[in-house]
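Undergrad: Encoded as structure tokens, here's the structure I'll be asking about.
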Amino acid sequence: MRRLTPLLALVLICVTFWLWFTQIDGSTWQLHHTIGMAITAPSWLLWARARYDLGASFTGRAEARTLVTHGIYSKIRHPIYLFGECLCVGLFVFIGQPLLWLVFVVTIPMQVIRARREQRVLEAAFGEEYRAYEKQVWF
């Protein structure tokens, strides 16, 4: 399952890009397509790497299985949330519909709430070890 989630996400992204490009944009490549792809590709790679690094500790809700501090988690505390939002940015730029940006009015506060909840759970479970980790990494 650890490898299936990123692959499924990649397939959905590619299908979305292909359908939008061929069916809506009339197969006419434009600058916003290039920019969207340039944002999406590294975002997906970093998101997939974060998902891989998290391994069996990945859950849909905040749980304290293990404190993951290697890989991307050695630099960024919440890379799945961060790069998931970056994926959306790339997708929205590719699609080129300004109203899609309103999605962030909902998703960014949701991600902040999720991150804070996760931090509380991890701090309760790992105490000083988590607090020390928290001081060494970004977001």
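Undergrad: Working only within the range 1-55, note down all residues that are surrounded by fewer than 16 Cβ atoms within 10 Å (Cβ to Cβ) and polar (S, T, N, Q).
TA: Result: Thr5, Thr16, Thr22, Gln23, Ser27, Thr28, Gln30, Thr34.
Undergrad: Return the residues of the range 20-66 that are more than 26 Å from Leu100 (Cβ to Cβ), in contact with a helix residue (DSSP H, G or I) (Cβ under 9 Å, 6 or more places away or on another chain), in a helix (DSSP H, G or I) and aliphatic (A, V, I, L, M); say none if nothing qualifies. Spell out how you get there, then give the answer.
TA: Initial filter on the range 20-66 (more than 26 Å from Leu100 (Cβ to Cβ)): 52-59, 61-66.
Right, trim to in contact with a helix residue (DSSP H, G or I) (Cβ under 9 Å, 6 or more places away or on another chain) and you get 52-54, 58, 61-66.
Of the ones still in play, those that are also in a helix (DSSP H, G or I) are 52-54.
Within the range 20-66, Leu54 is the sole residue that qualifies.
Undergrad: Out of Ala115, Ala125, I need the residue that is surrounded by 12 or more Cβ atoms within 10 Å (Cβ to Cβ) and touching a residue at least 60 places away in the same chain (Cβ under 8 Å). Which one?
TA: Ala125
Undergrad: Please go through (1) buried (at least 18 other Cβ atoms within 10 Å of the Cβ); (2) within 13 Å of the chain's Cα centre (by Cα); (3) over 25 Å from Gln23 (Cα atoms); (4) among the aliphatic types (A, V, I, L, M) for Ile108 and return the number of the only condition it doesn't satisfy.
TA: Of (1) buried (at least 18 other Cβ atoms within 10 Å of the Cβ); (2) within 13 Å of the chain's Cα centre (by Cα); (3) over 25 Å from Gln23 (Cα atoms); (4) among the aliphatic types (A, V, I, L, M), only one is false for Ile108: (1).
Undergrad: A further question on this structure: Among the residues of the range 95-105, is there at least one that is crowded, with 16+ Cβ neighbours inside 10 Å, more than 12 Å from the chain's Cα centre (by Cα) and closer than 30 Å to Gln23 by Cα? Explain how you work it out, then say what you get.
TA: Filtering the range 95-105 down to residues crowded, with 16+ Cβ neighbours inside 10 Å leaves 95-96.
Keeping just the survivors that are more than 12 Å from the chain's Cα centre (by Cα) gives 95-96.
Now drop any that are not closer than 30 Å to Gln23 by Cα, which leaves 95-96.
Yes.
Undergrad: Turning to a different aspect of this structure: For the range 63-87, which residues satisfy the criterion of being free of Cβ contacts under 8 Å to residues at least 60 places away in the same chain and crowded, with 16+ Cβ neighbours inside 10 Å? Quick ask: steps written out before the conclusion?
TA: Start the filter on the range 63-87 by keeping residues that are free of Cβ contacts under 8 Å to residues at least 60 places away in the same chain, which leaves 63, 65-66, 68, 70-72, 79-86.
Scanning the range 63-87 gives Val68, Ile72, Pro79, Ile80, Tyr81, Leu82, Phe83, Gly84, Glu85, Cys86.
Where a number appears in this text, it was derived from the coordinates with a stated rule and is not lab data. Just so you know, these numbers come straight off a predicted model, no measurement behind them. For neighbour counting, all protein chains shown are included, and Cβ atoms are generated from backbone atoms with ideal geometry for every residue, glycine included.
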